[in-house]
Structure formats: structure tokens, C-alpha cells
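Only one structure is covered here, and it is reproduced in the block below.
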Amino acid sequence: MQSAGTIYYPVAPGVQVNVRRGPNTGSQIVKVLGENSRVPIRCQTRGETVSGPYGTTDVWDSIAPGQYVSDAYVKTGSDGFVAIRCS
């Protein structure tokens, strides 16, 4: 459900995206996003460099507390940060 003022971004079409406990591929998978999912970005941080449909990046998106997806799989329209940095 989308709340007022929250922007939801689409994940890459045709793929399922792993949501991880931290901003790296070694972190535990906490869930998998299905095809055609949309995610809110609470904040962003730097982590492991990942290549995906939207390029190669070390930016990771926090979609909920303790839940991160690589920005390489999220269509934000930018190669950089689009949200505040996670503290």
C-alpha cells in the first residue's frame, strides 16, 4: 500500500529480486520480490558493487528496516542517490 508522499520505484522487469539483511550479497536473504514489484526507498547507502539490469553500482536501497536491495535492480532514473543516506 502506498502512503501519501512515498514514492514507489519499479524493480527490473522479468526478475525476482533478493531482499537482504545488509547492503551486500553475503547478507541473509529476508524475502524475494516478485516480478513487477514496486518498492519505497527509505534511504540509500553504499555497499558491495553489484551488476544488474540498470548498470553496475555500489548503491543499495533500504526498503524497510533491515531490508536492502541493490539499486542495480531498481529503476530510479538516476545513477546516484535519489533519497537520503542511511545513518
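Just a few scattered comments:
- Hits in the stretch 65-78 (condition: free of Cβ contacts under 8 Å to residues at least 40 places away in the same chain and farther than 18 Å from Pro13 by Cα): Pro65
- Residues that are of a type in the set (Val, Ile, Thr) and either crowded, with 17+ Cβ neighbours inside 10 Å or in contact (Cβ under 8 Å) with a residue 60 or more places away in the chain (or both), drawn from the stretch 31-44: Val39, Ile41
- In this structure, Gly55 qualifies as on the phi > 0 side of the Ramachandran plot and modelled with pLDDT of 95 or more.
- Residues being over 12 Å from Ser70 (Cβ atoms) and either among the β-branched types (Val, Ile, Thr) or touching a Phe, Trp or Tyr at 6+ places or on another chain (Cβ under 9 Å) (or both) - total across the stretch 13-36: 4
- Residue match in the stretch 10-17 (condition: of a type in the set (S, T, N, Q) and crowded, with 17+ Cβ neighbours inside 10 Å): no
- Among the residues of the stretch 52-87, those identified as in contact with a helix residue (DSSP H, G or I) (Cβ under 9 Å, 6 or more places away or on another chain), assigned to a strand (DSSP E or B) and surrounded by 17 or more Cβ atoms within 10 Å (Cβ to Cβ) are Gly52, Thr57, Val59, Trp60, Asp61.
The values are calculated or read from the model by the stated rules, or taken from the named source; none is laboratory data. None of the values given here were measured: they were computed from a predicted structure. Backbone-built Cβ (ideal geometry, glycine too); neighbour counts: all protein chains shown.
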